[in-house]
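Below: one structure, written as structure tokens.
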Amino acid sequence: MLVFVVIVISSCEKQIAQPVNSALVGKWGYTGNSCNCSTREDVSPVSGSGSTDVLYFTPKSYYKYVNHQEVQSGTYEVVTDTLQYNHQAVTRIIYDDNTTAAKTFYRVVNNVLTFYNEVPVSSGGAEVYYTQQ
């Protein structure tokens, strides 16, 4: 019986819920993106303070504004997950309890919030950048 329990536990996908990431909480202005895509969209970088694409994160909720109009809001959860291509542990954000949506990961370094997916930029993935306001 104990062997069965160990096998079931070890076969589950590893996602570890994290406490609220205080670095994420606040107001963030879109500043640009990076991509190595075949259909690259040319987006001129903008300063975070002049951005009309703004994200707000509270400890449990998010709000997205475009041109000063709320276009999306809800709840989010932060978990630790693993990238499939290099098995690196990373921070994943799950919006509105939708665990089946495409995975979105993020990092905050020097007041820059970067969202990315499981595909590296060099292989056609994309990164989206916001600066803290």
For the stretch 103-133, the count of residues that are within 11 Å of the chain's Cα centre (by Cα), assigned to a loop (DSSP other than H, G, I, E, B) and of a type in the set (A, V, I, L, M) equals 0
The one condition in (1) touching a Ser or Thr at 6+ places or on another chain (Cβ under 6 Å); (2) within 18 Å of THR52 (Cβ to Cβ); (3) of a type outside the set (A, V, I, L, M, F, W, C); (4) surrounded by 16 or more Cβ atoms within 10 Å (Cβ to Cβ) that ASN67 fails to fulfil
(4)
Cβ pairs under 7 Å, 6+ apart, first in the stretch 118-133 and within 14 Å of ASN33 (Cα to Cα), second at pLDDT 80 or above and of a type in the set (A, V, I, L, M)
GLY125/VAL119; TYR129/VAL112; TYR130/LEU55; TYR130/LEU113; THR131/VAL112
Is it the case that THR104 is on the phi < 0 side of the Ramachandran plot, in contact with a strand residue (DSSP E or B) (Cβ under 6 Å, 6 or more places away or on another chain) and exposed (fewer than 13 other Cβ atoms within 10 Å of the Cβ)?
no
Search result, residues across the stretch 75-93 that are surrounded by fewer than 13 Cβ atoms within 10 Å (Cβ to Cβ) and not β-branched (Val, Ile, Thr):
GLN84, TYR85, ASN86, HIS87, GLN88, ALA89
Do any strands (runs of 3 or more DSSP E) entirely within the stretch 24-102 hold 1 or more residues that are polar (S, T, N, Q) and modelled with pLDDT of 90 or more, and if so, which?
26-35, 61-66, 69-82, 89-95
Can you list residue pairs whose Cβ atoms sit under 8 Å apart, with the first residue in the stretch 24-36 being in contact (Cβ under 8 Å) with a residue 24 or more places away in the chain and under 16 Å from ARG107 (Cβ atoms) and the second being among the polar types (S, T, N, Q) and not in a loop (DSSP other than H, G, I, E, B)? Count only pairs 6 or more apart in sequence or on different chains.
GLY26/GLN132; TRP28/THR131; TRP28/GLN132; THR31/THR131
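The values are calculated or read from the model by the stated rules, or taken from the named source; none is laboratory data. Just so it is clear, the structure is predicted and the values come from calculations on it, not from any experiment. A quick note on method: Cβ atoms are made from the backbone with ideal geometry, for glycine too, and the neighbour counts reach across all protein chains shown.
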